[in-house]
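Visitor: Pasting in a structure now, in structure tokens, and then I'll have a few things to ask.
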Amino acid sequence: MSNSWTLQRDTAVRVLRPEGAVYETAAAQLLHYLNALCGITEARSQSAPAIILRTDPSMPPDAFRLVVRGSDLHLVGQNGRGVLYAVFALAERFGCRFFAHDTEVIPHPAELSLPDGLDVTEASPFAYRDLYWIGTTDPLTAVKLRINGTGLKSGQHIRHLTAEVGGGIGYAGPHFVHTFDLLLPPEKYFAEHPEYYALIDGKRTAKHLYSQPCLSNPDVLRIMIEGIRSWLRDNPEARLVSVSQNDSFVIGSYCTCPACQAVNEEEGAPSGSLIRFVNAVAEALEPEFPEVTFDTLAYQYSTQPPKLTHPRHNVAIRMCTGGCSSHPIPDCANNAGSADAIRGWSQICRQLYIWDYTTDFAQYLNPYPNFQTLQDNIRFFRDHNVCGVFEQGNYNEGLSGEFGELRAYQLANLLWNPEFDVESGTESFLNAYYGGGAPYVRQYLTFIRDKVRDVHFNLVISAAALWNDLISDEELTMLDRLWADAYRAAREGGDVPDGISSALCAAHVERSGLCHRWFKLDAKRGEFSYPARFDALCDLFYRDCRRLGVTRLTEGANVPWVEAQ
């Protein structure tokens, strides 16, 4: 008698599923990977073993379960998205690996087997999981990585998680953050109603990136309530809406009029007037929108929680990290403010979200060794009752000229399971993504990690400022050789998984190697140290960026267009 559930090569299986677009997608993806793995097709005979797709709404959000019962295998999801997660988890059990939008591994075993009586359930501690890394915007890639946030910018979702792929968690309105000026446009109101805007240094101001509304003004509350009501009516499926402060170049952008100041003094923090305001919005709109969560930021001036007022049950706080990027949040004195704020908000907030920064905003191409912090940070979030995490990277467009795809892979897996084996997962990623170049890329990653072991840097730093004093001329020459060897080994093939070409691996090496070249350009080191050649080498670098799909230098600056020579 067999002690396993087994499908032999080139046999057939029934796939039973409910009606609905997401279940058709799940069935199609299941059959695609079963066929690619082992030549298995969909059976017409009722005597064939069955894989049964179904839902169990009593499970935690997005959870899934794999259950073997006799000759049948049940793939169960809390929702349609969970069923899709179960399909891809099954493929992973059979050896598939989903590393990036252009890199996945599919083995070809003689049979597919699961232990008899298998019954495993997986669920994430985070109901909301979003990555602003551009390589994850493809919908199926996002589902394979169990990312469920859609993002939102200028009214457009950056990740189209439609019903066919189980949908996603999205926001109402034109944006998912910094919405005060959208709700109270200064060009519409300031001339006639300066009292709607912050009093700073004795003057009312609505200066962009330097000010906030006056949150004690009842007309401001009324106008914003009606604006948010309109957004929610226009987006009836949305379960989140952002009621959040404007971005600012200065910390002191909040209103200091007597009424606002009195609230903030009573609360012991400038977040006091903000939380009271957002609570009022959420209370006013709850009767019409009982399932909506009203999201605001703990950011800049509002980072520390108020002493008296707690966020309502339908208000989410999205705490923004900041400080030292080279050490975990709970372990570094430079991160003490963030750590204390997370601890404080977790004690008073039912729905605590995190906005975490995982790229260098000064220079996307800067070699940015923060990999050693990711797991510890995400464990810290989990341990302090965080229910949603947003990881910001290079979201605009174009691919990462550094290690964005590796970072996205690690983050996605950690957001699903904070105990993910990062070392093993990284090894597998490097071997598949860089092919024969993997050992050299691994040496480079180890080198830059070790260089910053005792160095503190933040999320806005240039390559020259970070690396100039850390990398000697001899080490620079060694790194040049390392990248040259990585490219040569990747191009020559080596140990490349089936289905992944050496040309693709070489392109990955060349693209990630742009970060090393960028440091030399920014610091005028190596070949960029010769003034007579500098401009020509810059032009070549920018052409290579464009050729390799890297189009952004920073959040607000494109890679320059350079005419081909």
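Each value in this text was obtained by applying a stated rule to the coordinates, not by laboratory testing. These numbers come from a predicted model, not from an experiment. For neighbour counting, all protein chains shown are included, and Cβ atoms are generated from backbone atoms with ideal geometry for every residue, glycine included.
Visitor: Of [x] 19, 48, 29, 3, 0; [y] 19, 55, 25, 1; [z] 21, 43, 21, 8, 5, 2, 0, which is the value of P(r) over Cα pairs in 20 Å bins from 0, in percent derived from the coordinates here?
Guide: Identified label for the calculated read-out: [x].
Visitor: Would you please report the Å³ per residue occupied by the convex hull of the alpha carbon atoms in segment 346-462? If you can, show how the numbers build up before the last one.
Guide: On the way: hull volume 14.4 nm³, N = 117.
So the per-residue Cα hull volume is 123 Å³.
Visitor: Which length gain, in nm to one decimal place, applies between ASP102 and LYS207 when the Cα-Cα distance is subtracted from 0.36 nm times their residue separation? Intermediate results must be reported in sequence, preceding the final value.
Guide: On the way: separation 105, 0.36 × 105 = 37.80 nm, distance 4.37 nm.
Extra length available between ASP102 and LYS207 comes to 33.4 nm.
Visitor: Let me ask something else. For LYS451, list the aspartates and glutamates whose Cα falls under 12 Å from its own Cα; do not include residues on the same chain fewer than 8 positions away.
Guide: Hits, sequence-local ones excluded: ASP469, GLU475.
Visitor: What is the Cα centroid distance between segment 430-445 and segment 296-336, reported in whole angstrom?
Guide: So the two Cα centres are separated by 36 Å.
Visitor: Using packing as a proxy for protection, rank 373-383, 308-318 so that the peptide with the highest average count of other Cβ atoms within 10 Å comes first. Walk me through the intermediate numbers first.
Guide: Numbers: 373-383: 21.4, 308-318: 19.8.
The densest-packed peptide leads the list: 373-383, 308-318.
Visitor: Let me ask another. Rounded to two decimals, what is the ratio between the C-alpha radius of gyration of segment 1-90 and 2.2 N^0.38 Å?
Guide: On the way: Rg = 12.7 Å, N = 90, 2.2 N^0.38 = 12.2 Å.
Output field value: 1.04.
Visitor: Expressed as a fraction of 2.2 N^0.38 Å, the rule-of-thumb size for a compact globular protein of N residues, what is the C-alpha radius of gyration of segment 411-476?
Guide: Cα Rg divided by the expected 2.2 N^0.38 Å: 1.36.
Visitor: Under Stokes-Einstein, with the Kirkwood radius over Cα pairs standing in for Rh, what whole-number D in µm²/s applies to segment 432-558 at 37 °C and 0.692 mPa s?
Guide: Numbers: Rh = 15.7 Å.
Taking Rh from Cα pairs, D becomes 210 µm²/s.
Visitor: Taking Cα pairs under 8 Å and at least six residues apart, what relative contact order does the chain come out at, in percent? Please list the in-between numbers first.
Guide: Values: 1132 pairs, mean separation 66.4, N = 565.
Across the chain, relative contact order equals 12 percent.
Visitor: Can you compute the modelled spin-label distance between ASP450 and GLU291, with each label point 7 Å from Cα toward Cβ, in nm?
Guide: According to this spin-label approximation, the distance is 5.4 nm.
Visitor: Summing -39500 (n - 2.57) over the DSSP H runs of n ≥ 4 in the chain and dividing by its residue number, what mean residue ellipticity at 222 nm do you reach, to the nearest 500 deg cm²/dmol?
Guide: Result for the chain, helices only: -12000 deg cm²/dmol.
Visitor: Of LYS520, LYS307, LYS203, LYS451, how do they rank once you tally other Cβ atoms within 10 Å and put the fewest first? Before the final figure, lay out the partial values.
Guide: Details: LYS520 22, LYS307 13, LYS203 10, LYS451 17.
Placing the least packed residue first, the sequence is LYS203, LYS307, LYS451, LYS520.
Visitor: Here's another thing I want to ask about it. Roughly what % of Cα-Cα distances in segment 13-56 sit above 11 Å, to the whole percent? Kindly include the intermediate steps, with their values, before the conclusion.
Guide: Values: 611 of 946 pairs.
Beyond 11 Å sits 65 percent of the P(r) for segment 13-56.
Visitor: Roughly what % antiparallel, to the nearest 5, for the DSSP beta bridges in the chain?
Guide: Of those bridges, close to 40 percent are antiparallel.
Visitor: Would you please put 113-120, 265-272 in order of how densely packed they are, using the mean number of other Cβ atoms within 10 angstrom per residue and starting with the highest? Provide the component values of the computation, followed by the final result.
Guide: Values: 113-120: 13.8, 265-272: 19.9.
Put in order of decreasing packing, that is 265-272, 113-120.
Visitor: Can I ask one more? Run the numbers on segment 178-292 and let me know its relative contact order in percent, using alpha-carbon pairs under 8 Å that are six or more apart.
Guide: Contact order relative to length: 32 percent.
Visitor: Right, another one. Would you work out the relative contact order for segment 273-418, in percent, from Cα pairs under 8 angstrom that are 6 or more residues apart? Walk me through the numbers before you get to the answer.
Guide: On the way: 207 pairs, mean separation 29.9, N = 146.
Here the relative contact order equals 20 percent.
Visitor: Same structure again: How do the peptides 403-412, 421-430, 19-28 rank, highest first, by the average count of neighbouring beta carbon atoms within 10 Å per residue?
Guide: Working: 403-412: 24.9, 421-430: 15.1, 19-28: 18.1.
Highest-to-lowest ranking by the protection proxy: 403-412, 19-28, 421-430.
Visitor: Return the FRET efficiency for the residue pair PHE361, LEU540: r is the Cβ-Cβ distance, R0 is 30 Å, and the value is rounded to the nearest 0.05. Can you show the working numbers first?
Guide: Details: r = 26 Å, r/R0 = 0.86.
E between PHE361 and LEU540, to the nearest 0.05, is 0.70.
Visitor: Straight-line reach from LYS203: which lysines fall under 20 Å, measuring Cα to Cα and dropping same-chain residues less than 8 apart?
Guide: LYS188
Visitor: Further, regarding this structure: Using R₀ = 41 Å, calculate the FRET efficiency as 1/(1 + (r/R₀)^6) where r is the Cβ-Cβ separation of ASN458 and ASP138; round to 0.05. Intermediate results must be reported in sequence, preceding the final value.
Guide: Details: r = 31 Å, r/R0 = 0.75.
That pair, ASN458 with ASP138, gives E of 0.85.
Visitor: Roughly speaking, what is the centre-to-centre gap between segment 452-515 and segment 47-93 when only Cα atoms are used, to the nearest Å?
Guide: One Cα centre to the other: 40 Å.
Visitor: How high is the FRET efficiency from ARG442 to LYS188, r the C-beta distance, R0 56 Å, rounded to 0.05? Could you put the intermediate results ahead of the total?
Guide: Details: r = 55 Å, r/R0 = 0.98.
Working from the Cβ atoms, E equals 0.55.
Visitor: For a paramagnetic label modelled at 7 Å from the Cα of ASP119 toward its Cβ, which residues of segment 69-93 fall within the zone defined by backbone nitrogen distances under 11 Å?
Guide: Counting backbone N atoms under 11 Å from the label point, the list is 69.
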